[in-house]
Structures are given as C-alpha cells and as structure tokens.
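The values are calculated or read from the model by the stated rules, or taken from the named source; none is laboratory data. Not measured: the values here are computed from a predicted model. All Cβ positions, even for glycine, are placed from backbone atoms using ideal geometry, and neighbour counts span all protein chains on display. Surface areas here come from the heavy atoms of the whole protein model, side chains and all, with no ligands, DNA or RNA. Shrake-Rupley method; radii C 1.70, N 1.55, O 1.52, S 1.80 Å.
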Amino acid sequence: MSVGIVGGLGTGAGIHYYRQLAQAMDAPAELVMVHADLSTVLGFVDAGDTRALAEYLARVLHQLRGAGAVLAVIPAVTPHCCIDELTAISPLPLVDMLTVIAEGVERRGFRRVVLFGTAAVQR
C-alpha cells in the first residue's frame with residue numbers, strides 16, 4: 001500500500017511524518033509526498049473560502065493518486081478546516097488527523113489537551 005503525504009503546510013511536519021511512517025512500516029516503505037503551497041492555503045483560509053481550499057487540496061491529492069498513493073494524510077491542522085468538503089471530493093481516502101487525535105485523547109482518558117493551530121482552526 002502506498003501512502004501519500006501532503007507536505008509544505010506544517011513546519012517540518014511532512015518530513016517528520018514521512019520519517020515516522022517509513023520507520024513504522026513492516027514492509028519497505030511505499031510513500032509518496034507532494035508539496036502544497038502554504039501561501040495559497042492560507043489565502044483561502046484567511047478569505048474563509050473552505051470550498052476553494054478543498055478544491056485546491058483535491059488537486060494536490062490527484063497528484064498523489066497519480067504517483068500511486070491509495071491513502072492520503074495532510075499532517076497539518078489548518079487544512080482540516082475544510083475536511084468535510086475535501087472528503088466529499090477527494091480522489092483518495094483521507095486520514096482525518098483531528099478525528100485520530102480525538103480518538104487517542106478519549107482512549108487515553110485525557111481530560112485536558114492542547115492542540116496548536118492557526119486562528120482559523122481555533123474558531
């Protein structure tokens with residue numbers, strides 16, 4: 001299975017997750033990464049245009065699919081402000097980072113957590 005990673009949106013996050021996934025996979029890592037443009041993403045976020053953001057990210061995900069990815073992750077919090085719109089039009093199944101975090105918090109019984117993100121995500 002080839003996992004696609006959208007990089008360029010969180011400071012070093014794409015590289016960090018690429019490294020962690022490569023180390024965690026039992027078989028030789030089949031990972032592909034594509035770079036999304038941070039200023040484009042933040043422009044859509046600042047404008048409150050989650051539909052345009054989702055469309056932009058879907059185009060990025062098409063690149064991952066073209067490179068052989070069958071599953072994708074966006075290891076940055078801010079783009080998740082359009083996760084519902086993106087999931088509906090994504091050419092690949094997505095790992096919803098916020099859902100994974102919420103499940104981990106609940107499973108561990110944490111009562112207080114901190115999640116860092118841009119102001120758009122905090123809203």
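Which of the residues belonging to region 49-100 are in contact (Cβ under 8 Å) with a residue 40 or more places away in the chain and of a type outside the set (A, V, I, L, M)?
Arg65, Gly68, Pro75, Thr78, Pro79, His80, Cys81
Looking at region 38-48, which of its residues are open to solvent by 60 Å² or more (accessible area, probe 1.4 Å) and either among the small types (Gly, Ala, Ser) or free of Cβ contacts under 8 Å to residues at least 60 places away in the same chain (or both)?
Passing the criteria: Leu38, Ser39, Ala47.
Are any residues in region 61-73 more than 23 Å from Thr40 (Cβ to Cβ) and either part of a helix (DSSP H, G or I) or open to solvent by less than 60 Å² (accessible area, probe 1.4 Å) (or both), and if so, which ones? It would help to see each step written out before you state the result.
To start, the set of residues in region 61-73 that are more than 23 Å from Thr40 (Cβ to Cβ) comprises 68, 70-71.
Result: Gly68, Leu71.
Could you go through region 34-53 and let me know if any residue there is polar (S, T, N, Q) and touching a strand residue (DSSP E or B) at 6+ places or on another chain (Cβ under 6 Å).
For region 34-53, residues polar (S, T, N, Q) and touching a strand residue (DSSP E or B) at 6+ places or on another chain (Cβ under 6 Å): absent.
Quick check, is Leu53 in contact with an Asp or Glu (Cβ under 9 Å, 6 or more places away or on another chain), surrounded by 17 or more Cβ atoms within 10 Å (Cβ to Cβ) and at pLDDT 95 or above?
yes
Please verify whether Val34 is open to solvent by less than 30 Å² (accessible area, probe 1.4 Å) and under 18 Å from Ala67 (Cα atoms), treating the condition exactly as stated.
yes
Exactly one of these conditions fails for Ala76: (1) within 12 Å of Val3 (Cβ to Cβ); (2) assigned to a loop (DSSP other than H, G, I, E, B). Give me its number.
Unmet condition: (1).
How many residues are in contact with a helix residue (DSSP H, G or I) (Cβ under 7 Å, 6 or more places away or on another chain), open to solvent by 70 Å² or more (accessible area, probe 1.4 Å) and assigned to a loop (DSSP other than H, G, I, E, B) when one looks only at region 89-114?
The total comes to 1.
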